[in-house]
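Accompanying notes for the structure given below.
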């Protein structure tokens, strides 16, 4: 093989690699062409075809996001504290509050399974107690289950002991519902209405509870259309680039929007992170269990 044809082969291979190094300029190609007298009669058919199809890399469309992977299901992030929830650009965490709810939660589970992603469900103790089979299905599908108090009260309006008891009552109800299928409650908690006090947050964190905050509130509890909620949530996510997203698995609009929302996440190059605790134990958290009411008495 002549030196000029060898150089030409290197250029074509470099172009096929698509951007691993600086692409040759049109001037470089013209100079090379004149030196080697590149024609279909000289270049073999395979090389000639490759050359005719060559397009400078700078003229090719760039991907929308450099972090796009094509897979919506992302990594599993094991956390021991709230501070451990550190997301990379393009990563989201899906969370659903207030369930489980018959006719809603099951549909959401099916959609999550369809897209191969997992979410974190912060359940009300009263709902899990009323629908233990549904609460169990959430966990059995590989999702993380945490608590959200028993009756969704504003804890900031209660005295300290009443607030602690409400948190404990909710946790124990969800834990007992899950135990029927051999599942374990994760130490994730979210304040109803995101209303908290310094005392409650500090003591929960010191008690090894992972308090889940919200980066992007979908506001799916407003009486907006599914399309409006989807557009609003995506716009806020695109502005941030990553974050913990709040939904509720008790609204039909959330059931309706979720397939489109997840498809959009995938097309925009996002990935969904699954949160799991580093330690599944719920023992040793005095702030949760101190003076907690006993559900066996019907409280």
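Quick note: the coordinates plus some simple rules give every number you see, no bench work behind them. Everything numeric here is computed off the predicted structure, so don't read it as measured data. Cβ sites come from the backbone with ideal geometry, for glycine too, and all protein chains shown count toward neighbours.
Just a few scattered comments:
- Residue ranges 190-200, 135-145 sort as 135-145, 190-200 when ordered by packing (mean number of other C-beta atoms within 10 Å per residue, highest first).
- Where labels lie 7 Å past Cα in the beta-carbon direction, separation of residue 115 and residue 252 in nm: 2.2 nm
- Gain on full extension, evaluated as 0.36 nm per residue between residue 201 and residue 82 minus their Cα-Cα distance, stands at 41.8 nm.
- Note on the range 73-297: Rg/Rh from C-alpha atoms, Kirkwood Rh, equals 0.95.
- In plain terms, the chain from residue 239 to residue 278 could stretch by 11.0 nm, reckoned as 0.36 nm per residue minus the Cα-Cα distance.
- Taken along its principal axes, the alpha carbon cloud of the range 113-197 reaches lengths of 42, 26, 18 Å, longest axis first.
- Mean Cα-pair separation over length for the range 124-251, i.e. relative contact order, pairs under 8 Å, 6 or more apart, %: 23 percent
- Normalising the average separation of contacting C-alpha pairs (under 8 angstrom, six or more residues apart) by the number of residues puts the relative contact order of the range 73-297 at 33 percent.
- Summarising the strand pairing of the range 73-297, around 0 percent of its internal DSSP beta bridges are antiparallel.
- If you plug the beta carbon distance of residue 158 and residue 219 into 1/(1 + (r/R0)^6) with R0 = 30 Å, you get a FRET efficiency near 0.75.
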